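The values are calculated or read from the model by the stated rules, or taken from the named source; none is laboratory data. Remember, predicted model here, so these are calculated numbers, not experimental data. Heads up, the Cβs are rebuilt from the backbone with ideal geometry, glycines too, and the neighbour counts pull from every protein chain shown. These accessible areas exclude ligands, DNA and RNA; they are computed on the full protein's heavy atoms, side chains included. Shrake-Rupley method; radii C 1.70, N 1.55, O 1.52, S 1.80 Å.
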Amino acid sequence: MKAIDIKTKPLAASETHRLLPKLLVFISAVTVLTGAVQVVAAPLVLSFIGASTDKTSAHFFAIIGMFMVLFGGLLWQTLRQAPVGPEPVFWCGLQKLGAAAAVGLGVLNGIFSGLALGVAFFDLVSGILIFTYWQKLKIKT
């Protein structure tokens, strides 16, 4: 019996260049959607991640959701334009890295359960991908 040799072909630079903006559009849509859920159902989301659900916590969590909608929408709209401006991409990357740090600190300080580390990881990876794309934009200009 012959062994089947499955070789994966690495993506060409041009293919990677086309995939990254599409991935970032997906990330921006997820950010808008999850932010909108936070706005309308803050207590539910807070209880899911093991946080206090009092009125003050829910109010400020909904405000965070609003900013997620705004930055996710900004990234989505920016990526859909030609040419893509690097400035909004930079600020959206900072928002994602800041969110990752804030959620991580919330877990460390016992505000959120360990379940929230998934959110922090998503934001960290998103921020890294956004800054990778931003670097490519800077090189073009």
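Taking all protein chains in place and a 1.4 Å probe, what share, in percent, of the accessible surface of the chain do carbon and sulfur account for?
That fraction is 72 percent.
Determine, for the chain, the count of lysine pairs separated by eight or more sequence positions (or lying on different chains) whose alpha-carbon distance falls under 24 Å.
9
Counting each DSSP H run of 4 or more residues in the chain as -39500 (n - 2.57), what helix-only mean residue ellipticity at 222 nm follows after dividing by all residues, to the nearest 500 deg cm²/dmol?
Result for the chain: -26500 deg cm²/dmol, rounded to the nearest 500.
Determine one quarter of the surface area of the Cα convex hull of the chain, which equals its mean projected area, and express it in nm² to one decimal.
About 11.7 nm², averaged over all directions.
Counting only heavy atoms of protein chains, what accessible area per residue, in Å², does the chain have with a probe of 1.4 Å?
Dividing the accessible area of the chain by its residue count gives 65 Å².
May I ask you to derive the FRET efficiency for ASN109 and GLN81 from their Cβ-Cβ distance with R0 = 22 Å, giving the value to the nearest 0.05?
0.05
Taking square-rooted eigenvalues a ≥ b ≥ c of the alpha carbon gyration tensor, is segment 58-111 rounded, prolate or oblate, where a/c under 1.5 means rounded and, failing that, a/b exceeding b/c means prolate? Intermediate values should be presented prior to the final figure.
Values: a/c = 4.62, a/b = 2.01, b/c = 2.30.
It is oblate, given that a/c is not under 1.5 and a/b is not larger than b/c.
Put +1 on the Cβ of every Lys and Arg and -1 on every Asp and Glu Cβ in segment 13-141; which of PRO83, GLY106, ALA29 then has its Cα farthest towards the positive end of the dipole?
Projecting each Cα onto the dipole axis, the largest value belongs to PRO83.
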